[in-house]
Amino acid sequence: MKTKQSFVVLISLLAMLSLILVACGGGDAAPSNDSGDSAAASDSSGEAVELTYALWDSAQQPAYEACATEFQKDHPNISIKIEQSGWDDYWSTIQTGMVAGNAPDVFTDHLAKYPEFAEKGQIVDIQPLVEQDDVPTDIYIGELADLWTRDGKRYGLPKDWDTIAIFYNKAMLEKAGIDPAVMNDWTWNPKDGGTFEETIAQLSIDANGNNGLSPDFDKDNVVQYGFIHGGQGNGYGQTQWSWMAVPNGFKFQDELWGDKFHYDDPKLAETLEWYHGLMEKGYAPPYPDVKSLGGAALFQAEKGAMTSEGSWNIKNYVDNSNFEVGFGKLPIGPEGRKSMFNGLADSIYIGSEHQAEAWEWVKFLSSQTCQDIVGEYAVVFPAIQSGVDKALAAHEANGLDVSAFTEQALDPEGTFLFPVADNASEITTIMAQTEEQIYLGQTDDVAGTLKAANDEVNALFQ
């Protein structure tokens, strides 16, 4: 477990990166960005207003209910109604609501989604409000605040950040005689999978008790998979394959907001071929099983020993598994150990009838007060350092070592940005279908299939 002091070092080292979310501009002494003294006329009028606030993560709802309670102490006329739904239903509801004119006043937004909302004029440019109320934007870790800006406009204020690690079933590793310390220096490559695949094979058990290293292993009669993959990654593979593809030399774009993608890179093709190979060897469940049941459900049902997941799912896995869950480092690829680095924000619906009150709520959500509350619930790592410190302390109190996530961020070469671009929904559709073809074994030419998909993606920008 990292101490508070070591995390400060983490943030300092992150500051050296130019394209990676780096540095920490905040801390306990930073401006809190609280919204108690609002300049919004409608808020000070005292008119009773109910705001709808939408989020997709049920695990985070209690933390934001606590934030709402705290918010209402200084804004007694504004009540917050929190609406939660799962990822897929969430985005369809948001999009349908925008068309119908009844979308939530404020909603949790994603880097893959907000460019389209901004382009269509469906979310509020809050930069004038930031300037009007002198809201500090340098209190957030690294350049999180800048990810939500384009052409001088701003569409959200940061709420959290995340990295990826390996989640594992401690009992299964112990039974197989595997010391989790192997994860400190295990390796991966697309040719033979390195010691990462060797470990996966050792943890794959057939009905006769043979593991994947045995010549007698029956890949068609597996009772325990070594690795539960995450299915298709919607073109970004955040938790699924990005942490292998990028260390293998692949890059999504040349720059943020770039209009050219590189899904035709042979480095991605060989990564996905290896990934599919786990399924063919019986080391990972067939793609249809993951698609229908979900990787998390299979892992929690003890169908496999390991999986790759994001830091936002720590609490979910710990609370919903009937076994002890550990968190290990990603394997070291040909170009090192790397994780995608992502961060969420809250956006205001342009059609809200209560934009002034919505702005007060967004300011509070992004403030140190709210983010400290969120940190205490230890579901995500907040975007302000003091909130991260509280999350680390809460995990430590619960006996959890989450250093795999923080040490990944500590590595000055250890993270890369979530791709931000226009046409994200179209890119997702194209690449999701392409990945599914690969995992179902419907193509003998993975490289050719990816090239065709890449041509289709890049044509979106012409």
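Derivation of every value follows stated rules applied to the coordinates shown; laboratory data play no part. Computed from a predicted model, the values in this text were never measured in an experiment. Every residue, glycine as well, gets a Cβ built from its backbone with ideal geometry; the counts of neighbours run over all protein chains shown.
Length gain on complete extension for the stretch E426 to N320, per 0.36 nm per residue less the alpha carbon to alpha carbon distance?
Stretched out fully, the E426 to N320 stretch lengthens by 34.8 nm.
Taking every DSSP bridge with both residues inside the chain, close to 65 percent are antiparallel.
Multiply the residue separation of A393 and D192 by 0.36 nm, subtract the distance between their alpha-carbon atoms, and state the gained length in nm to one decimal. The partial results should precede the final answer.
Working: separation 201, 0.36 × 201 = 72.36 nm, distance 3.93 nm.
Result for the pair: 68.4 nm of gain on full extension.
Mind running the shape call on the range 84-210? Use the C-alpha gyration tensor, a ≥ b ≥ c as the square roots of the eigenvalues: rounded below 1.5 for a/c, prolate if a/b tops b/c, oblate otherwise. Note, shape of the range 84-210 comes out prolate.
On a straight-distance basis, which aspartates and glutamates could pair with K219 in a cross-link, Cα separation under 14 angstrom, same-chain partners fewer than 8 positions away excluded? Straight-line reach from K219, under 14 Å: D206, E280. Counting Lys and Arg as +1 and Asp and Glu as -1 over every other residue whose Cβ lies under 10 Å from the Cβ of D185, the net charge comes to +2.
Amide H to amide H distances under 5 Å link D160 with L344, A383, where only residues 5 or more positions off or on other chains count and H is placed in the peptide plane.
Over all other residues within a Cβ to Cβ distance under 14 Å of V222, the charged ones net out to -4, with Lys and Arg as +1 and Asp and Glu as -1. Shown in residue order for the range 154-159 are the 3J(HN,Hα) couplings computed by the Karplus curve 6.51 cos²θ - 1.76 cosθ + 1.60 at θ = phi - 60°: 10, 10, x, 10, x, 10 Hz (x for Gly and Pro). Cross-link partners for K451 among the lysines, with Cα-Cα distance under 30 Å and sequence neighbours closer than 8 places in the same chain left out: K113, K120, K191, K251, K260, K267, K281, K291, K338. Residues within the reach of a label modelled at E116 (point 7 angstrom out along Cα to beta-carbon, backbone nitrogen below 20 Å), restricted to the range 137-164, are 148-150, 155-156. At an R0 of 51 angstrom, the distance between the Cβ atoms of N221 and F461 translates into a FRET efficiency of 0.60. Just check the range 51-91 against the gyration tensor rule for me: Cα atoms, a ≥ b ≥ c as the square roots of the eigenvalues, rounded for a/c under 1.5, and otherwise prolate or oblate depending on whether a/b exceeds b/c. In terms of gyration-tensor shape, oblate.
Would you compute, from DSSP H runs of 4+ residues alone, the mean residue ellipticity of the chain at 222 nm, taking -39500 (n - 2.57) per run and dividing by the full residue count, rounded to the nearest 500?
After summing the helix terms and dividing by residue count, I get -11500 deg cm²/dmol.
Annotation for A301 and I350: the two label points, set 7 Å from Cα along the Cα-Cβ direction, are 4.4 nm apart. Net charge near R337, counting Lys/Arg +1 and Asp/Glu -1 over other residues with Cβ under 14 Å of its Cβ? Charge balance near R337 sits at -3. When I427, I332, I384 are arranged by Cβ crowding within 10 Å, least crowded first, meaning fewest neighbours, the order is I332, I427, I384. Taking one equal scatterer on every alpha-carbon of the range 349-436, how large is log10 of I(q)/I(0) by Debye at q = 0.19, 0.23 1/Å? Rounded to two decimals, the profile gives -0.96, -1.01. Over the chain, the fraction of Cα-Cα pairs per 20 Å bin, rounded to whole percents and listed from the shortest bin up, is 25, 56, 18, 1.
Reachable lysines from K315, Cα under 19 Å, same-chain residues fewer than 8 places away excluded? Once the sequence-local lysines are set aside, what remains near K315 is K2, K159, K170, K329, K390.
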